[in-house]
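Structure record follows, encoded as C-alpha cells.
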Amino acid sequence: MLRTMMTATNTMGELQSQLDTIGHNLANTNTHGYKSRDAQFQELLYQQYNNDKLDRTQRQSPVGIRYGVGAKIGQIQHNQKQGALQTTGRDLDFGFTSPKQYFTVLMPEGTGTREVYTRQGNFYVSPLENGNGMLVNGDGYPVADSNGNAITFPNFTNVKHFGLTAEGGFTVTYNDGSTLGQPIDLGVTRFERPQFMEHVSATYFALPQNMNELGVTEADLLTPLRGAGRTQVNVQQGMLEMSNVDVGRETTELIQTQRMYQMNARSVTLADQMLGLINGIR
C-alpha cells in the first residue's frame, strides 16, 4: 500500500506540472509570436518480478511483472510550427512566414545587454535625447541589426513611413521624400536545434549558459542570416504572427490530465483506506 501511495503521489506532482504547462499555453493564445509548449512523459525506474517458473500460462505480453514507481516529465519542448498571420496594415508590424526564424533584440542584463530572440514583431520607435529614433519592441528592448547593434535613425519626428525590403532590410522615408540611404538589415537568426535554446521569459529565447556541458557550440544551435543568407529571410510587413496554440487540442489534453490526476488521487485514498482496515484488524 505504501508503494502504491508513493507511485501515485510521484505521478500527481508531474501531472500538476503538465497542467501548469497547458494553462500557460491557453493563457498565451492571443500572444503574438508565442510557441506552445508540449510536456513529454517518461516512466521512472521499475522493478522486474520474474515469476515464469510458477506461471506457465502462454501469453503475448513479456514474462514477469513490472512494478513501477510512477512517471515524470522528461522534457518540455516548444512547438516550432508556423502560426497564422494576422494582417494589421501597420508599418512597424513584421511577421515571419517561415518557422525557426527569429528577430534579435537586446535585453538589459546587469550593466550591459544580452542578445535574445523572439518572433514577436510588433515594433515601435523610442525617441533619443539627440533627436534620433531607436527601433524597439513592445517591452522597450532595442531591436538589433544583423551586426548586433541597436537600430537607430536620425530626425524621427519627420518620418513619413517605414518600409521593408524583400530581404528584411528596414527603410525610412521622410516627409520631403528623402530616405535613410542603404536599408538597415534587421537582425534575423535561424534556430538549427531549437530544443537546446533556453526559454528566458514570455516569447524570448537565448543561448544556454551551459553549452560546454551540453557538448554544443553556438554554430550548432543557430545561424545568423547575413550577407548571402539574407535571401533566406521570409518576413512580411503589416502582419503579425499569431500564437500557434491549438485551443481544441490543449482543452482535450487538459481534460485528460485532470482525469489522470483524479485517478491517482483516488489511488492514494483507496490505499489509505486499506491501511486503515489493516490497522483495524490488528
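The values are calculated or read from the model by the stated rules, or taken from the named source; none is laboratory data. All values derive from a computational prediction rather than experimental measurement. Ideal geometry is used to build each Cβ from the backbone, glycine not excepted, and the neighbour counts take in all protein chains shown.
Only one of the listed residues (Arg266, Arg226) is more than 17 Å from the chain's Cα centre (by Cα), at pLDDT below 90 and among the basic types (Lys, Arg). That residue is Arg266. When Asn149, Asn130, Asn175 are screened for being loosely packed, with under 14 Cβ neighbours inside 10 Å, in contact (Cβ under 8 Å) with a residue 12 or more places away in the chain and more than 28 Å from Gln75 (Cβ to Cβ), only Asn175 passes. Assess whether Thr165 counts as being under 22 Å from Arg193 (Cα atoms) and hydroxyl-bearing (Ser, Thr, Tyr). Judged against the criteria, Thr165 is not a match.
Scanning the range 235-264 for residues that are surrounded by 14 or more Cβ atoms within 10 Å (Cβ to Cβ) and of a type in the set (A, V, I, L, M, F, W, C) returns Val235, Met239, Leu240, Met242, Val245, Leu254, Met260. It is to be established whether one or more residues within the range 259-276 are among the acidic types (Asp, Glu) and free of Cβ contacts under 8 Å to residues at least 24 places away in the same chain. No: the range 259-276 contains no residue that is among the acidic types (Asp, Glu) and free of Cβ contacts under 8 Å to residues at least 24 places away in the same chain.
Listed by first and then second residue, the pairs with beta-carbon distance under 7 Å, at least 6 apart or on different chains, first residue in the range 210-224 and farther than 13 Å from Gln195 by Cα, second modelled with pLDDT of 90 or more and among the charged types (D, E, K, R), are Thr223/Arg190; Thr223/Glu192.
Taken together, the residues in the range 1-36 that are crowded, with 18+ Cβ neighbours inside 10 Å, in contact with a helix residue (DSSP H, G or I) (Cβ under 7 Å, 6 or more places away or on another chain) and not in a helix (DSSP H, G or I) amount to 1.
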